[in-house]
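Visitor: Dropping the structure in here first, questions after.
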Amino acid sequence: MPHGSTKGHRNMVPFDSDVLFAKLRRRYVFVGCFSLVGVSIISLFASTLWTLRPSTYALADGGMETPQHLENDATTVSVPAQAVQRFDSQFYLRGPPTDRFRDNLRPEVKYISSWISAGWTNDVMTYINLIYLGILTDRVPVIGMFTPSHIGGHIPPIDFGEVFDVPRLRELMQKPLVEWHEVKNRSSDVVEELGCWNVWEAVQDREHNPRASSVTGRLNLDISYTKLPTWIKLIPRYEHDPHASFSALATFGFPETRAEYSVDPRESPQKHVKLPPDEQMLCYDYLYYTCAHQPYEYDYDYSPAWLFVGQYMHWTPWLENLADSYVRKALGTQDNESTPPWIGIHIRHGDFADWCGGVPVADCFAPISVIKRRVEDVKQELLERKGLVVNHVIMTSDERNATWWESVTAEGWYGIDHSNTVELYGAWYPVLIDAVIQSGGVGFVGTDRSTMSILARRRVQSWRDGVARIVKWGTPEADNH
Ligand SMILES: Nc1nc2c(ncn2[C@@H]2O[C@H](COP(=O)(O)OP(=O)(O)OP(=O)(O)O)[C@@H](O)[C@H]2O)c(=O)[nH]1
Ligand SMILES: *[C@@H]1O[C@H](CO)[C@@H](O)[C@H](O)[C@H]1NC(C)=O
Ligand SMILES: *[C@@H]1O[C@H](CO)[C@@H](O)[C@H](O)[C@H]1NC(C)=O
Ligand SMILES: *[C@@H]1O[C@H](CO)[C@@H](O)[C@H](O)[C@H]1NC(C)=O
């Protein structure tokens, strides 16, 4: 799904009048204050414990600290290095996955979850948004799997933790994170009722239902949705943009706002129950269209979701190694040599032709000559800023036209051989390996409006201090500069 743009629209009216004049219900204020006091006492106690003890914690060399309550003063740390991490799931769940997720929740822990409903890169952004909202609400994010929306419906889903390095993410964020398969047994067929917030119907008028996701069915969750008020919208009453504000959504993770708006839930589809939004497992239907300040915020360097979560989502070491082996094979790197630095290109074609309007596809997509200009820009800046001469350029694309690929290799650029990737590793792996390669270069050239390009650019900038350019398209002159 291409990335739209509604630059320049600002939130002029922060609240609808119904909110300004809303009355707080006394009993919830009381419950709220009481739990706040409780939380303060617990955190005071916890922080005292932490600060009184010398920390053996060492992030830089990958050292792991034993959780406080497993340490024993007399014997100090006898747990093998790297065995246990402070934010491991075991400290936030009761035990191994159970048939009912509720049986595995710890009463003193609050959780947050949400579902995905688009292409893979959009879904990565959606999970980043969920984890960031977990930070804002001080809740443990519970992350689902990636579903094969554009890979093929018959393809099995893939775990978040098979793609992203979850232990490293927890350590870099200094926050816990659990995956659904750790909470609820994957093979459980127990259907569980759950009350969630319906964002979708509050931010757009075309569809009169919460956003559908195949994740809820896979988890056997029967959800009763409560519609959120429209003041969660970033641009109030503006029908052309469906973004909700992170801070507005966060307020529903707390007792006062929750109580105020917890009215008139919709019946769940299976058991036909009506439930208020769950207190312990806070959940929202769909968080793709969420931002702090500007729609489609991953385009911007200040994106808080990228800064506090996305940049810490590194690939698993196994996936990194696999992609490295593909790069080495493509470049013909010898066994006794290290992989040379490269400039990655991502050219998104395929269904992007749908946005060409009356322009013939040949004039609509950027030609190789235009892509080459941007590659030269990147080389130039790498030389000027970092003194680097980079000779290897690797193309990744969803294009299948062999003649087009011939014109790519005619430039001296390399392609990745995915002829047996699906057979060897499964249908998810061509796109995963390509995403790793796009993020692994010291330079990057991407396609305007592709979310896959946007995240690749962010990664090259955050992880490699690299240089990126985005190619505009749509008309022959689109990228004339
Ligand atoms: N192997 C490979 N597949 C690609 C590449 N670019 C796009 N694709 C495929 O095209 C799909 C992208 O289309 P969507 O799933 O609709 O969207 P998306 O993943 O959110 O990303 P964008 O459409 O680019 O914004 C990916 O899931 C891949 O299956 C690429 O460079 N390599
Ligand atoms: C999950 O459920 C399956 C099938 O009921 C069972 O064989 C397995 O042991 C369960 N796993 C755990 C961790 O309880
Ligand atoms: C690697 O091996 C090849 C052939 O064995 C040799 O020519 C080359 O100099 C070696 N390169 C390095 C960096 O050692
Ligand atoms: C394949 O690409 C070439 C060169 O870009 C173009 O001339 C040709 O029309 C394309 N073929 C198809 C079937 O799209």
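The values are calculated or read from the model by the stated rules, or taken from the named source; none is laboratory data. Predicted model, so just to flag it, every value in this text is computed and none were measured. So basically every Cβ, Gly included, is an ideal-geometry build from the backbone, and we count neighbours across all protein chains shown. Keep in mind that these areas ignore ligands, DNA and RNA; they rest on the heavy atoms of the full protein, side chains included. Shrake-Rupley method; radii C 1.70, N 1.55, O 1.52, S 1.80 Å.
Visitor: Taking a cut-off of 17 Å between Cα atoms, list the aspartates and glutamates near LYS379, but don't count ones fewer than 8 places away on the same chain.
Guide: Answer for LYS379, where 17 Å is the Cα cut-off: GLU411, ASP465, listed by chain and number.
Visitor: If ligands, DNA and RNA are left out, what is the accessible area of TYR238 with a 1.4 Å probe, given in Å² to the nearest 10?
Guide: Near enough 60 Å² of accessible area.
Visitor: In addition: Rounded, prolate or oblate: which one fits the stretch 89-311, using the alpha carbon gyration tensor with axes a ≥ b ≥ c (rounded when a/c is under 1.5, else prolate when a/b beats b/c, else oblate)? Intermediate values should be presented prior to the final figure.
Guide: On the way: a/c = 1.31, a/b = 1.11, b/c = 1.19.
In terms of gyration-tensor shape, rounded.
Visitor: At q = 0.18, 0.21, 0.26, 0.28 Å⁻¹, what is the base-10 log of I(q)/I(0) for the stretch 129-187 according to the Debye formula with one equal point scatterer per Cα and no solvent? Please give it to two decimals.
Guide: Evaluating at q = 0.18, 0.21, 0.26, 0.28 Å⁻¹ gives log10 I(q)/I(0) of -0.70, -0.88, -1.13, -1.20.
Visitor: Write down the accessible area per residue of the stretch 161-221 in Å², having rolled a 1.4 Å probe over the full set of protein chains. Before the final figure, lay out each step's value.
Guide: Working: 2360 Å² over 61 residues.
Computed with neighbouring chains in place, this is 39 Å² per residue.
Visitor: Out of the total accessible area of the stretch 252-341 (probe 1.4 Å, heavy atoms of protein only), what percent is carbon and sulfur? Walk me through the numbers on the way to the answer.
Guide: Details: 2120 of 4160 Å².
Ligands and nucleic acids excluded, carbon and sulfur reach 51 percent.
Visitor: Going by amide H atoms built from the backbone, whose H comes under 5 Å of the H on TRP342, apart from near neighbours?
Guide: Sorted by chain and number, the residues that satisfy this are VAL442, GLY443.
Visitor: Now for a separate question. For the peptides 138-147, 124-133, 107-116, what is the packing order when you average, over each peptide's residues, the other Cβ atoms within 10 Å and list the highest mean first? Before the final figure, lay out the partial values.
Guide: On the way: 138-147: 22.7, 124-133: 24.7, 107-116: 21.1.
Order by mean packing, descending: 124-133, 138-147, 107-116.
Visitor: All other residues with a Cβ under 13 Å from the Cβ of MET145 taken together, and with Lys, Arg as +1 and Asp, Glu as -1, what is their net charge? Write down the numbers at each step before the final one.
Guide: Working: positive: LYS184, ARG186, ARG218; negative: ASP123, ASP159, GLU162, GLU179, GLU182.
In short, -2.
Visitor: If I take all pairs of Cα atoms in the stretch 366-430, what percentage of them are more than 13 Å from each other?
Guide: On the way: 1472 of 2080 pairs.
The answer is 71 percent, as a whole percent.
Visitor: Taking the Cα centre of the stretch 259-368 as origin and charging only Cβ (+1 Lys, Arg; -1 Asp, Glu), how large is the dipole, in debye to the nearest 20? Working shown, then result.
Guide: Working: 6 positive and 16 negative charges, 57 e Å.
Charge dipole of the stretch 259-368: 280 debye, to the nearest 20.
Visitor: Hey, can you rank 301-308, 378-385 by average C-beta count inside 10 Å, highest first? Can you show the working numbers first?
Guide: On the way: 301-308: 17.4, 378-385: 15.4.
The most tightly packed comes first, giving 301-308, 378-385.
Visitor: Note down the net charge around GLY332, summing +1 for each Lys or Arg and -1 for each Asp or Glu among other residues with Cβ under 15 Å from its Cβ. Mind showing how you got there, number by number?
Guide: On the way: positive: ARG328, LYS329; negative: ASP324, ASP335, GLU337, ASP417.
Local charge sum for GLY332: -2.
Visitor: Taking 0.36 nm per residue of separation and subtracting the Cα-Cα distance, what length does fully extending SER247 through ARG385 add? If you can, show how the numbers build up before the last one.
Guide: On the way: separation 138, 0.36 × 138 = 49.68 nm, distance 3.77 nm.
Extending this stretch completely gives an extra 45.9 nm.
Visitor: Further, regarding this structure: With a 1.4 Å probe and all protein chains left in place, how much accessible area per residue does the stretch 228-363 have, in Å²?
Guide: Values: 6030 Å² over 136 residues.
Per residue, the stretch 228-363 has 44 Å² of solvent-accessible surface.
Visitor: Might you report the magnitude of the Cβ-based charge dipole of the stretch 365-481 about its Cα centre, with Lys and Arg at +1 and Asp and Glu at -1, to the nearest 20 debye? Don't jump to the answer; show the numbers that get you there.
Guide: Details: 14 positive and 15 negative charges, 92 e Å.
Dipole size: approximately 440 debye.
Visitor: In terms of Cα to Cα distance under 16 Å, which lysines are near enough to LYS175, apart from those fewer than 8 places away along the same chain?
Guide: Candidates past the 8-residue exclusion: LYS110.
Visitor: Mind checking the full-extension length gain between LYS372 and ALA410? Use 0.36 nm per residue of separation minus the Cα-Cα distance, one decimal, nm. All intermediate terms of the calculation are to be shown ahead of the outcome.
Guide: Details: separation 38, 0.36 × 38 = 13.68 nm, distance 1.17 nm.
That works out to 12.5 nm of additional length.
Visitor: So, one more: In a shell of Cβ-Cβ distance under 11 Å around LEU319, excluding LEU319 itself, what net charge do Lys and Arg (+1) and Asp and Glu (-1) give?
Guide: Numbers: positive: none; negative: GLU162, ASP165, GLU320, ASP324.
My count for the surroundings of LEU319 gives -4.
Visitor: So, in nm, how far is label HIS481 from label ASN185 when the simple model puts each one 7 Å beyond its Cα toward the Cβ?
Guide: For the pair HIS481/ASN185, the computed spacing is 5.8 nm.
Visitor: For a protection proxy built on the mean count of beta-carbon atoms within 10 angstrom, sort 206-218, 337-349 highest first, please. If you can, show how the numbers build up before the last one.
Guide: Values: 206-218: 15.9, 337-349: 20.2.
Highest-to-lowest ranking by the protection proxy: 337-349, 206-218.
Visitor: If you take the charge dipole of the stretch 315-471 about its Cα centre, with +1 on Lys and Arg Cβ and -1 on Asp and Glu Cβ, which of SER419, SER439, GLY466 is farthest toward its positive end?
Guide: GLY466
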